[in-house]
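First up is the structure itself, then whatever we jot down about it.
The values are calculated or read from the model by the stated rules, or taken from the named source; none is laboratory data. On a predicted model such as this, the values are computed, not experimentally measured, just so you know. Because the Cβ atoms are built from the backbone with ideal geometry, glycine has one as well, and the counts that use them run over all protein chains shown.
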Amino acid sequence: MIYWDNNATTPVLPEVREAVLPFLGDSFANPSSPYGAAREASAMMSRSREALGALIDADPDQLVFTSGGTESIAMAWQIAVQNLPHRTHFITTSTEHAAVLETAELFCRRGLSVDVLPVDRSGCIDLEALRGLCSENTALISMMAANNETGILNPVTEIAEIAHECGALYHCDGVQIAGKHSFSVGEASVDLFSVSGHKFHAPKGIGALYLRPDLKAGDWLPGGDQEFGRRAGTENVPGIAGMGKAAELAENFLKIGWGEQTSILDGVVSSLKTSLGGVHEVGEAVERLPNTRLLLFNGVESEALLALLDMEGVCASSGSACASGSQEPSHVLRAMGYEEDRVRSALRLSTSRLSTQKEGERVLELLNKLIPRLRSFNPA
Ligand code: PLP
């Protein structure tokens, strides 16, 4: 199998699996218990917090373990309500992940007001338009660091500045950037930052939220006093062990850099443009994640292309995955103003540090074979 869908999830690395195993075996004690057998888990949790803190340059004590990106995002929005209870206005963008957009919908249904800032054709937001939406009633700006479908990066530091000018908080969905691009929570001055372990080779169902030290975070989930009273519920100890190891490995990998993997990916893209024609690279002119390229192929339905790739043992995506297993046409491309037939022709290739030149050659060979075949059925 060639797995080039690493923005959907990543394989668990062998070292990560090793780190998880003791906590599925003899070291099963509840980390909140008072006896010696629990201390191994609580010591491991401190190490994992340190490792994750090092990856995103955040104070480890300000990291709260959660069940993943979706929960961290919901928690961030609730924390804004808890900390700025008299403010009722929220701002996000049209290209956010469903975890943010659906939270925004929920807040609207509860009577809060949400502005959804549009993006331009290259997926970028207008910072002056953002500034214009802010007021002393704005509680939160929630905008991602890197888009999961296009890989396009947002100007996080500038967004944080704009939020702070009006006394609002800035939540940054960091799910796709963590482990793929160096990121400093401190330098970017974000107040809340969401992370998900399975996007950087940890198991699924584990994530974290960074929160600024002065923010209160107790009200949103009633229950026990875990995570220093900031997130109730017995922690996912094996998951935390895995995410800590994965964070450590990701930090080491970032020191080497993505150079080799990016040149494999960009090599495939530029060869396709030359050999096939009618290939459009979304966000080509703007800064993107080093592992993500979203391509549109004239005269091709991505659903058919993905099915043929699957038959050849290649996993890729048309953009966002959906729980039913089918692929919904991308709301991100629609928000960028692409016409419906273009939206339905998208192929996202997202690599990982495990991706190889040999895989790139095979992907290229297959696309060079399959796309002309699909175009011949659809002579537009
Ligand atoms: N935010 C972004 C940008 C994502 O890509 C995802 C997952 O694809 C999420 C949030 C949700 O994360 P999780 O799957 O850990 O709930």
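For a quick check of your reading of the model, give me the residue pairs whose first member lies in region 55-79 and is more than 18 Å from residue 203 (Cβ to Cβ), whose second is within 15 Å of the ligand (Cβ to nearest atom) and among the acidic types (Asp, Glu), with beta-carbon atoms closer than 7 Å and at least 6 apart or on different chains.
Matching pairs, first to second residue: 73/173.
If you go through region 126-141 one residue at a time, do you hit one that is closer than 29 Å to residue 294 by Cβ, within 12 Å of the ligand (Cβ to nearest atom) and surrounded by 15 or more Cβ atoms within 10 Å (Cβ to Cβ)?
For region 126-141, residues closer than 29 Å to residue 294 by Cβ, within 12 Å of the ligand (Cβ to nearest atom) and surrounded by 15 or more Cβ atoms within 10 Å (Cβ to Cβ): absent.
So which of 333, 354, 294 is over 17 Å from residue 122 (Cβ atoms) and modelled with pLDDT of 95 or more?
After applying the criteria, what remains is 354.
Would you pick out the residues in region 279-309 that are under 24 Å from residue 155 (Cα atoms) and free of Cβ contacts under 8 Å to residues at least 12 places away in the same chain?
284
Assess whether residue 330 counts as being more than 19 Å from residue 177 (Cα to Cα), without any contact (Cβ under 8 Å) to a residue 60 or more places away in the chain and surrounded by 21 or more Cβ atoms within 10 Å (Cβ to Cβ).
Spelling it out, it is not the case that residue 330 is more than 19 Å from residue 177 (Cα to Cα), without any contact (Cβ under 8 Å) to a residue 60 or more places away in the chain and surrounded by 21 or more Cβ atoms within 10 Å (Cβ to Cβ).
For every residue, the table says whether it meets (1) under 27 Å from the mean Cα position of the chain (by Cα); (2) at pLDDT below 95; (3) under 18 Å from residue 195 (Cβ atoms).
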position	(1), (2), (3)
16	yes, no, yes
21	yes, no, no
25	no, no, no
46	yes, no, yes
64	yes, no, yes
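Please give the number of the condition residue 38 fails out of (1) surrounded by fewer than 16 Cβ atoms within 10 Å (Cβ to Cβ); (2) without any contact (Cβ under 8 Å) to a residue 12 or more places away in the chain.
The number of the failed condition is (1).
Just to be sure before I move on: is residue 105 more than 17 Å from residue 209 (Cβ to Cβ), of a type outside the set (Phe, Trp, Tyr), in a helix (DSSP H, G or I) and within 16 Å of the ligand (Cβ to nearest atom) in the structure I sent?
Criteria met by residue 105.
State whether one or more residues within region 111-124 are surrounded by 20 or more Cβ atoms within 10 Å (Cβ to Cβ), in contact (Cβ under 8 Å) with a residue 12 or more places away in the chain and in a loop (DSSP other than H, G, I, E, B).
yes
Take residue 132 and tell me if it is in a loop (DSSP other than H, G, I, E, B) and of a type in the set (Gly, Ala, Ser).
Judged against the criteria, residue 132 is not a match.
Being in contact with a helix residue (DSSP H, G or I) (Cβ under 7 Å, 6 or more places away or on another chain) and surrounded by fewer than 24 Cβ atoms within 10 Å (Cβ to Cβ) is the filter here, so list the residues in region 157-180 that pass it.
Within region 157-180, 157, 158, 160, 162 qualify.
Of the numbered conditions (1) surrounded by fewer than 24 Cβ atoms within 10 Å (Cβ to Cβ); (2) assigned to a loop (DSSP other than H, G, I, E, B), residue 148 fails exactly one; give the number of that condition.
Residue 148 satisfies every listed condition except (1).
Please state which one of 365, 284 is assigned to a helix (DSSP H, G or I), out of contact with any Cys (no Cβ under 8 Å at 6 or more places or on another chain) and of a type in the set (D, E, K, R).
Only one candidate qualifies: 365.
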